[in-house]
Amino acid sequence: PRANAAMAVLLSESGYPQAAVGFSDKSVELGALPESTRELRRLAMYCMARQPPAPDVMNALKANLGQVADVSSNEAVQLFAELVADRGCDERSTRQFGDMIYERFVSGAHLTPTVLASMAKVENVLGNYARAMDYAEALASLRPRDATATMMVMYFAWQTNDVERIQRSLERLSRLKCEHMLDAEQLDVFRQFATAAEARSAALRPSLACP
């Protein structure tokens, strides 16, 4: 079964997404990949080929969108987000997919942390920083002690010039720093953002000292 998945990738990268979809579907049918990932993997095949998907691919994805929030779809959504970031997938279909997921998100649908982080990455590539920040905020709420999630919020707040969110993010990171929850790289990034924030606005008063 895994050989079908490997062949699907090979055909996509060679510019034959329609043939690749057949092998990808076969992997699902043989149980090598979750059924819930079928439609999103079809879209990924076209992304790898750098070609716009056939209309039926997007229609099927929309019809089965509820499955994307399923835990079994985490890997597929993460894969698609990485493809968008690394390869520059067809923009129109990527925006369509982004709109589909965001509509579910704002309507209250549960998205897993992996899906939230992946969609923040997709929206960042598309330049939709406000949407990306919404996903990052939701992720940070689920994982309040995850410095990476808070740094995502801070980055998108910076892009949208949201001073209030920048301040909240800096305060949260300062607390995590004092609790020794930041690694060396994260600590360096925090210090850089804190310095830049103070220079950017008089309203920002990040504290680097611990009580």
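Here are some notes:
- Between the entries (1) 38, 22, 15; (2) 33, 18, 14; (3) 38, 16, 15, the label attached to semi-axes √(5λ) of the Cα gyration tensor in Å calculated for this structure is (3).
- Prolate/oblate/rounded call for segment 71-124, Cα gyration tensor, a/c under 1.5 rounded: oblate
- In degrees, nearest ten, helix 17-29 long axis to first principal axis of the chain (Cα): 90 degrees
- Shape class for segment 92-202: prolate, because the ratio a/c of the largest to smallest gyration tensor axis (alpha-carbon atoms, square roots of eigenvalues) is 1.5 or more and a/b beats b/c.
- D56 - accessible surface, heavy atoms, 1.4 Å probe, Å² rounded to 10: 100 Å²
- Highest mean packing comes first when the peptides 116-126, 94-104, 20-30 are listed by Cβ atoms within 10 Å, giving 116-126, 20-30, 94-104.
- Ligands, DNA and RNA excluded, the heavy atoms of V84 present near 10 Å² of accessible surface to a 1.4 Å solvent probe.
- Nearest 10 degrees, 0 to 90: helix 74-87 Cα axis against the chain principal axis: 80 degrees
- Under Karplus coefficients 6.51, -1.76 and 1.60, residue-wise ³J(HN,Hα) of segment 185-191 in Hz, glycine/proline x: 5, 5, 5, 5, 5, 4, 4
- Segment 1-59 shape via C-alpha gyration tensor axes, a/c threshold 1.5: oblate
- The angle between the Cα long axis of helix 129-142 and the main principal axis of the chain comes to about 80°, on a 0 to 90 degree scale.
- Full extension of the chain segment joining D99 with L142 gains 13.2 nm, where the gain is 0.36 nm per residue of separation less the Cα-Cα distance.
- Simple label model, 7 Å out from Cα along Cβ direction - R175 to E91, nm: 4.0 nm
The values are calculated or read from the model by the stated rules, or taken from the named source; none is laboratory data. As the structure is a computational prediction, the values presented were derived from the model and not from experiment. Note: ideal-geometry Cβ built from the backbone for every residue, glycine included; neighbour counts use all protein chains shown. Ligands, DNA and RNA are stripped out before the accessible areas are found, and what is left, the full protein with its side chains, is counted by its heavy atoms. Shrake-Rupley method; radii C 1.70, N 1.55, O 1.52, S 1.80 Å.
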